[in-house]
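K.L.:
Provided herewith is a single structure, encoded as structure tokens, for subsequent inquiry.
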Amino acid sequence: MPNIKSAKKRVNVIKRQSEENIPVRGSMRTAVKKAIKDSSNENVNDAVKKIDNAVSKGVITKNAAARKKSRLMKKVNSK
């Protein structure tokens, strides 16, 4: 546990931010899994939107989103 006042505040801020990121990250992962399982156009578009939403909220980085979308498209197109 931190002893410095500012470090204690940072612990609380990080905890709150992590809690805010959980639903965004979870919905993104769920959408990607649905798109892989049933590669309909609607599911794939929803997954891409969720990934882009996660980037805009700062949950994942731009490059991570590009990588996820690329891998998703590879899996969808291989079926």
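K.L.:
Quick one: count up the residues across the stretch 50-59 that are buried (at least 17 other Cβ atoms within 10 Å of the Cβ) and closer than 25 Å to residue 79 by Cβ.
P.N.:
3
K.L.:
Take the residues in the stretch 21-37 that are basic (Lys, Arg) and either closer than 20 Å to residue 77 by Cβ or open to solvent by less than 100 Å² (accessible area, probe 1.4 Å) (or both), then tell me which one is modelled with the lowest pLDDT.
P.N.:
37
Residues are listed down the side, and each one gets a yes or a no for (1) part of a loop (DSSP other than H, G, I, E, B); (2) at pLDDT below 95; (3) surrounded by 13 or more Cβ atoms within 10 Å (Cβ to Cβ):
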| site | (1), (2), (3) |
| --- | --- |
| 7 | no, no, no |
| 12 | no, no, no |
| 19 | no, no, no |
| 39 | yes, yes, yes |
| 48 | no, no, yes |
| 63 | no, no, no |
| 69 | no, no, yes |
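The values are calculated or read from the model by the stated rules, or taken from the named source; none is laboratory data. As the structure is a prediction and not an experimental result, all values here were calculated from the model. Virtual Cβ from ideal backbone geometry, glycine too; neighbours counted across all protein chains shown. Please note that ligands, DNA and RNA were not included when accessible areas were found on the heavy atoms of the full protein model with its side chains. Shrake-Rupley method; radii C 1.70, N 1.55, O 1.52, S 1.80 Å.
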